[in-house]
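Q: Pasting a structure below so you can have a look.
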Amino acid sequence: MESEIRRLIGIAGPMPIADYMRLCLTHPQYGYYLTQDSIGAAGDFITAPEISQMFGELIGLWIAAVWQEMGAPENVRVVELGPGRGTMMIDALRAAKVAKDFYAAIVLHLVEISPKLRQLQQVRFESHDVPIFWHASLAEVPAGPLIVVANEFIDALPIHQAIKQADGWHERLIDIGPDGNLAFCTAADALPHFDATLPRDLRQSPEGSIYEWRADTVAFEIARCVRSDGAALIIDYGHARAGLGETLQAVAGHTFADPLLAPGEADLTAHVDFAALALSADIIGARSHGPVSQRDFLTRLGIDKRAAALKASAPERTAEIDSALYRLTGSGPEQMGELFKVLAIADPKFGPLPGFATKRR
């Protein structure tokens, strides 16, 4: 992967960070998501569904409740973006079986680009009796009533960065440095009229400030799919309001790494700007709910009661269940409760959705 990046820089000059991320993660031959088995204790990172079955079970009940809000259609497309090892959806389907009519209505659509993960998912879903289809993109999912779930999906979408200088904002790029290693650099020319694209409270930022943004493409696609008889649930780490600062990071072997070292061999992510997602949804004609913290969302869905029920049925697992509960809902630096946010995007005709205190206007 690094040789390919160096070749492209040699041809076209320094590349935007977004192009670098896209190559490192999704290059058809060397991309991280197409070559690595990254999730779980033996991989590079662990996600909420791998921490506890409670997470996926509550997502399954959320999907069932939204299906009821939709008027209980006889055929509903349940879509997961980036299903990984399939753990969350397997737990969700198990919980959904308590609602027999809902379970009978499910047609599962998994959006997955990794051939290796597709094969794993096919094996893990063999015992489930719901129709399952795989797709390379959300655009391939047939039209109709649908519910989309994206857990730790948006954070891996490529970001751009700009840095404030005396004459304006300049895009940050990646080049080959004087020492021969990949290095960050700055575009010679300022981005025209960039201040006008920023939230008002960030337009007077001091020199040296860094601002990150993602293309609206995926957010618009999700909103387009759900704005008529659909809903989407987005769970990821990030901030509820737009802000400044660099959040690009690489993770390998459950530890942080230099994002410019060993490209294609580490996961690259950046914080999600939930305010931008909500704005994109509103622009396209859907309605956003939230964001709320993962702690508040899971608590409102009843994770404490579910944890108590699991401990009552398996007392020997009490410490394990309590640890998982704290990891999912705690507010410490290593916990997910505050760092992770939850946003729903839905057809404007729907009322307040489960897990959200009030409907956003």
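The values are calculated or read from the model by the stated rules, or taken from the named source; none is laboratory data. Bear in mind the structure is a predicted one, so any value in this text is a computation, not a measurement. Quick reminder, even Gly has a Cβ in these numbers, built from the backbone with ideal geometry, and neighbours come from all protein chains shown.
Q: Mind listing whichever residues of segment 184-218 are surrounded by 15 or more Cβ atoms within 10 Å (Cβ to Cβ), within 15 Å of GLU246 (Cα to Cα) and among the small types (Gly, Ala, Ser)?
A: Across segment 184-218, the qualifying residues are SER205, SER209.
Q: Now for a different question. Within segment 282-303, track down each residue that is part of a helix (DSSP H, G or I) and either among the β-branched types (Val, Ile, Thr) or closer than 25 Å to ALA48 by Cα (or both).
A: ILE283, ILE284, GLN294, ARG295, ASP296, PHE297, LEU298, THR299, ARG300, LEU301, ILE303
Q: Of all residues in segment 3-28 being part of a loop (DSSP other than H, G, I, E, B) and surrounded by fewer than 18 Cβ atoms within 10 Å (Cβ to Cβ), which is farthest from the chain's Cα centre (by Cα)?
A: Once the filter is applied, the top-ranked residue is GLY13.
Q: Does GLU221 satisfy the condition of being surrounded by fewer than 14 Cβ atoms within 10 Å (Cβ to Cβ), modelled with pLDDT of 95 or more and either assigned to a loop (DSSP other than H, G, I, E, B) or not aliphatic (A, V, I, L, M) (or both)?
A: No; evaluated as a whole, the condition is false for this residue.
Q: OK, next. Take the residues in segment 249-275 that are surrounded by fewer than 20 Cβ atoms within 10 Å (Cβ to Cβ) and within 21 Å of ILE234 (Cβ to Cβ); name whichever of them is modelled with the lowest pLDDT.
A: VAL251
Table: residues versus (1) within 21 Å of TYR20 (Cβ to Cβ); (2) in contact with a strand residue (DSSP E or B) (Cβ under 9 Å, 6 or more places away or on another chain); (3) of a type in the set (Asp, Glu).
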residue: GLU212; (1), (2), (3): yes, yes, yes
residue: PHE220; (1), (2), (3): no, no, no
residue: ALA223; (1), (2), (3): no, yes, no
residue: ILE234; (1), (2), (3): no, yes, no
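Q: Out of segment 92-145, which residues are in a helix (DSSP H, G or I), under 20 Å from ARG224 (Cα atoms) and in contact (Cβ under 8 Å) with a residue 40 or more places away in the chain?
A: LEU138, ALA139
Q: Here's another thing I want to ask about it. Determine whether PRO115 is within 30 Å of ALA262 (Cα to Cα) and out of contact with any strand residue (DSSP E or B) (no Cβ under 9 Å at 6 or more places or on another chain).
A: The answer is yes for PRO115.
Q: Shifting gears a bit: Go through (1) at pLDDT 90 or above; (2) surrounded by 17 or more Cβ atoms within 10 Å (Cβ to Cβ); (3) out of contact with any Leu (no Cβ under 9 Å at 6 or more places or on another chain) for MET89 and report which single condition fails.
A: Evaluating MET89 over (1) at pLDDT 90 or above; (2) surrounded by 17 or more Cβ atoms within 10 Å (Cβ to Cβ); (3) out of contact with any Leu (no Cβ under 9 Å at 6 or more places or on another chain) leaves (3) as the failure.
Q: Every residue in segment 309-355 that is under 25 Å from the mean Cα position of the chain (by Cα), over 30 Å from ASP282 (Cβ atoms) and in a loop (DSSP other than H, G, I, E, B), please.
A: GLY330, GLY332, PRO333, GLU334, GLN335
Q: Restricting to segment 266-301, give me the number of residues that are touching a residue at least 40 places away in the same chain (Cβ under 8 Å), hydroxyl-bearing (Ser, Thr, Tyr) and touching a Ser or Thr at 6+ places or on another chain (Cβ under 8 Å).
A: Count: 0.
Q: Of the residues GLY285, GLY330, GLY337, GLY351, which is surrounded by fewer than 19 Cβ atoms within 10 Å (Cβ to Cβ) and either hydrophobic (A, V, I, L, M, F, W, C) or farther than 23 Å from GLU69 by Cα (or both)?
A: Criteria check complete, one pass: GLY330.
Q: From ALA223, ALA166, ALA162, which residue is in contact (Cβ under 8 Å) with a residue 24 or more places away in the chain and in contact with a helix residue (DSSP H, G or I) (Cβ under 6 Å, 6 or more places away or on another chain)?
A: ALA223
Q: Still on this structure, I have one more. From ILE303, ILE284, grab the single residue that is closer than 23 Å to ALA231 by Cβ and touching a Leu at 6+ places or on another chain (Cβ under 8 Å).
A: Residue meeting the stated conditions: ILE303.
Q: Looking at segment 196-217, I want the residues that are under 16 Å from HIS170 (Cα atoms) and have a partner that is among the aliphatic types (A, V, I, L, M) and exposed (fewer than 10 other Cβ atoms within 10 Å of the Cβ) with Cβ atoms under 8 Å, at least 6 apart or on another chain. Which pairs are those?
A: Listed by first residue and then by second, the contacts come to GLU207/ALA166.
Q: Being among the aliphatic types (A, V, I, L, M), touching a helix residue (DSSP H, G or I) at 6+ places or on another chain (Cβ under 7 Å) and surrounded by fewer than 23 Cβ atoms within 10 Å (Cβ to Cβ) is the filter here, so list the residues in segment 94-104 that pass it.
A: Those that are among the aliphatic types (A, V, I, L, M), touching a helix residue (DSSP H, G or I) at 6+ places or on another chain (Cβ under 7 Å) and surrounded by fewer than 23 Cβ atoms within 10 Å (Cβ to Cβ): ALA95, ALA99.
Q: Let me ask you something else. Hey, among the residues in segment 68-91 that are farther than 18 Å from ALA150 by Cα and in a loop (DSSP other than H, G, I, E, B), which one's nearest to the chain's Cα centre (by Cα)?
A: For segment 68-91, the residue satisfying everything is MET70.
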